[in-house]
Amino acid sequence: MGRPDGRKLKNLDYEYPVGAHIMSRRTDAMNMTTLDIPLEPIHRYLNQKRKEGLRYSHLTVIVAAVIRTISRYPALNRFVVNKRIYARNELAIGMVVLKGGRIDAVGTTDKMKFDPSNTIDDVNRIINDYIEKNRREDDVNGTDRVAKRLVNTPGLLRAGVSFMKWLDKHNWMPKAVVEISPFHCTMMLTNLASIKTDYVFHHAYDFGTVSLTLALGKPRMVPMVHKGEVSMERCMPMGLVMDERIASGSYFAMAFREFRKLLENPALLETPPEKVVEDIG
């Protein structure tokens, strides 16, 4: 039986199905790395856009770079369920938003849906709409409604979650549940810089299909080497956790280089990509 959120990849190198069987859980297959991204190029770009009457945020630039990178390296949008590797049908990023925007407020998690051809302006609009909607204290999204029903019904939480895990494992999860589930997305992102907190390596989820987690931390000074000389640069540290079953180490490395290049020159994100690469395995 097929899944509502992905198609099974068949013509893969042997290392992928073998790895999926050896590392049967996502928490078995976690690889972690820290990316220190210089902030000066991003600041220059944001200041220039502000002069043009456009207000973008650091988050907008970073998410736009993620979307553009995946448009060129689509294996980053794969996921593994029950030892099978799938290409995801959509590009979605889950993110926690604090109700009312207060640091002591209750957080809610939903997901934003993007198109691989989105420009930075498209991404900025989607993020702003997402944050505005989920910050409203009177708004309850689908994830919150399901969670409250599970918690408020005696005995339903344990049985309900176990049943949903079983359905997901066997590709029987209803499409309506997958649509509202933040655990079924390309990447889970947490912006700890917004609450002036250090970055972390966000845990992977064995439930759902999230293959990447990215945590943004508060800026720090990092030694950088340019033309043989060492200087201190203000960087945003990012903790990235990957499911290594979806792509090879060299593939991840090429994708990271592309991601860095885009953040060094965010103007590249103003136009759609020349080509969106399809994941054919």
(request) Considering (1) at pLDDT 95 or above; (2) closer than 25 Å to Pro273 by Cβ, say which one Lys51 fails and leave the rest. (result) (2)
(message) What are the pairs with Cβ atoms under 9 angstrom where one residue, in the range 80-98, is farther than 30 Å from Glu132 by Cα and the other, located anywhere, is buried (at least 22 other Cβ atoms within 10 Å of the Cβ) and among the hydrophobic types (A, V, I, L, M, F, W, C)? Sequence gap at least six, or different chains.
(response) Val80/Ile246; Ile85/Phe79; Ile85/Ile246; Tyr86/Phe79; Tyr86/Val80; Ala87/Phe79
(message) Please list, ordered by residue number, the strands (runs of 3 or more DSSP E) wholly in the range 34-105 having 1 or more residues that are surrounded by fewer than 20 Cβ atoms within 10 Å (Cβ to Cβ).
(response) 84-88, 91-98
(request) Keeping to the range 209-237, report how many residues are under 12 Å from the mean Cα position of the chain (by Cα) and either surrounded by fewer than 16 Cβ atoms within 10 Å (Cβ to Cβ) or touching a residue at least 60 places away in the same chain (Cβ under 8 Å) (or both). (result) 6
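The values are calculated or read from the model by the stated rules, or taken from the named source; none is laboratory data. Predicted model only: the values in this text are computed from it and were never measured. So basically every Cβ, Gly included, is an ideal-geometry build from the backbone, and we count neighbours across all protein chains shown.
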